[in-house]
Amino acid sequence: MSIPADLSYRFRPANPVQRALQALVASRPGAWVFSRTLPHLDSVVQRLSGGRHTVPGLLAGLPVVQLTTTGRRSGQRRTTHLIAIPYDDTLALLGTNFGQPDTPAWALNLEAQPHATLAYRDAEVPVVARLADAQEMEQVLRRSEELYVGYRRYQSRITHRRLRVFVLEPAAS
């Protein structure tokens, strides 16, 4: 099997309203607002729906995984909601942080400790993350832009830091 299959993770085509919302979130002001409010809203929606729904899933048609990493400084487990990009038989994660200036903490955590847990709805798999090589990064970025227009816009705003793209592989049992 593969990580996407193990999680039953897949993208469905967005409807016109969802595409409009994706464009709003991809805008500079939309990204700024959502980068600060989405984690809190998503936690509430997931709790109320028993983990079946997320804000990006409901409003923008974007499936969201939960990545649990180990904090590089605290050693504590940290869970982040992200959109994963199907790549070959696995998933990839882009550290765009909504195009904000700072590298997301989860990306720094994965660099320090690549073992993590990936969950989608009621399925969970242990994974090991590695930075994508140049060819993989190009393929993942191309695929990400096909699935969500925001990624292209976020990338254009990341100018003072390196964009991190991680490929997830199954952790050895």
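Only one of the numbered conditions (1) farther than 17 Å from residue 152 by Cβ; (2) crowded, with 19+ Cβ neighbours inside 10 Å; (3) not aliphatic (A, V, I, L, M) is not met by residue 40, and that is (2).
When 117, 103 are checked against the criterion of being touching a residue at least 60 places away in the same chain (Cβ under 8 Å) and either part of a helix (DSSP H, G or I) or not aliphatic (A, V, I, L, M) (or both), a single residue qualifies: 103. If you filter segment 145-173 down to residues that are over 11 Å from residue 94 (Cα atoms) and touching an Asp or Glu at 6+ places or on another chain (Cβ under 9 Å), you find that the one that is least open to solvent (accessible area, probe 1.4 Å) is 161.
Quick grid of which residues meet (1) out of contact with any strand residue (DSSP E or B) (no Cβ under 7 Å at 6 or more places or on another chain); (2) aliphatic (A, V, I, L, M):
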position: 94; (1), (2): no, yes
position: 97; (1), (2): yes, no
position: 108; (1), (2): yes, yes
position: 114; (1), (2): no, no
position: 125; (1), (2): no, yes
position: 145; (1), (2): yes, no
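The lone criterion from (1) open to solvent by less than 30 Å² (accessible area, probe 1.4 Å); (2) among the hydroxyl-bearing types (Ser, Thr, Tyr); (3) more than 17 Å from residue 163 (Cα to Cα) left unmet by residue 96 is number (3).
Among the residues of segment 114-136, write down those that are open to solvent by less than 50 Å² (accessible area, probe 1.4 Å) and closer than 16 Å to residue 87 by Cα.
Residues of segment 114-136 that are open to solvent by less than 50 Å² (accessible area, probe 1.4 Å), as a first pass: 114, 116-120, 123, 125, 127-129, 132, 136.
Within segment 114-136, 118, 127, 128, 129, 132, 136 meet the criteria.
Which residue is nearest to the chain's Cα centre (by Cα), if the candidates are limited to segment 1-22 and must be of a type in the set (D, E, K, R) and under 19 Å from residue 65 (Cβ atoms)? So the residue we want is 10.
Only residues that are within 17 Å of residue 105 (Cβ to Cβ) and out of contact with any His (no Cβ under 9 Å at 6 or more places or on another chain) were counted in segment 38-69, giving 2.
Could you list all residues from segment 120-152 that are part of a loop (DSSP other than H, G, I, E, B) and either touching a helix residue (DSSP H, G or I) at 6+ places or on another chain (Cβ under 7 Å) or at pLDDT 95 or above (or both)? Across segment 120-152, the qualifying residues are 132, 133, 148, 149.
Screening residue 61 with (1) of a type outside the set (S, T, N, Q); (2) out of contact with any Gly (no Cβ under 9 Å at 6 or more places or on another chain); (3) modelled with pLDDT under 95; (4) over 15 Å from residue 25 (Cα atoms) gives one miss only, at (4).
When residue 2 is tested against (1) closer than 19 Å to residue 147 by Cα; (2) in contact with a strand residue (DSSP E or B) (Cβ under 7 Å, 6 or more places away or on another chain), just one condition goes unmet, and that condition is (1).
Only one of the listed residues (98, 166) is touching a residue at least 60 places away in the same chain (Cβ under 8 Å), in a helix (DSSP H, G or I) and farther than 22 Å from residue 13 by Cβ. That residue is 98.
The values are calculated or read from the model by the stated rules, or taken from the named source; none is laboratory data. What you see is a predicted model; the values in this text were computed from it and never measured. A quick note on method: Cβ atoms are made from the backbone with ideal geometry, for glycine too, and the neighbour counts reach across all protein chains shown. All accessible areas refer to the heavy atoms of the entire protein, side chains included, with ligands and DNA or RNA removed. Shrake-Rupley method; radii C 1.70, N 1.55, O 1.52, S 1.80 Å.
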